[in-house]
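Taking it in order: structure first as structure tokens, then the write-up.
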Amino acid sequence: VFIGFLSLILLSHMNKIMLEKELYQQMTLKEMLLILKKLRVQYINGHRILFPLTKEQKRILEAFSISEPM
């Protein structure tokens, strides 16, 4: 029950930000999660390599005030 409550709070916050930043005009919440699911990181010899971000991923990270990972 507690985890369900936490996920509801997180979902509500994501919905609020998408409304404020007008992301719903371009995508649904489900589409946004599918776009972010495509983020890829690979570790080679202990070094983290992030695959290049797409324009959509950059737009989403910017809307949520998340700096681009390096």
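Summary of values
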| item | result |
| --- | --- |
| Of all accessible heavy-atom area on the chain, the percent that carbon and sulfur account for (1.4 Å) | 61 |
| Cα gyration tensor of the chain - equivalent ellipsoid semi-axes, whole Å, descending | 25, 17, 10 |
| Set Lys21/Lys58; Lys16/Lys55; Lys37/Lys58 screened for pairs whose C-alpha atoms are more than 18 Å apart | Lys16/Lys55 |
| Solvent accessible area, Å² - Met27, 1.4 Å probe, full protein context | 10 |
| C-alpha center-to-center spacing [the stretch 51-70, the stretch 6-33] in angstrom | 15 |
| ³J(HN,Hα), Karplus 6.51/-1.76/1.60, whole Hz, each residue of the stretch 10-27, x for Gly, Pro | 4, 4, 5, 5, 5, 4, 4, 5, 4, 5, 5, 8, 6, 6, 5, 6, 10, 7 |
| For the chain: accessible area per residue (Å², 1.4 Å) | 85 |
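The values are calculated or read from the model by the stated rules, or taken from the named source; none is laboratory data. Because the structure is predicted, anything quoted here is derived from the model rather than measured. Ligands, DNA and RNA are excluded from the accessible area calculation, which covers all protein heavy atoms including side chains. Shrake-Rupley method; radii C 1.70, N 1.55, O 1.52, S 1.80 Å.
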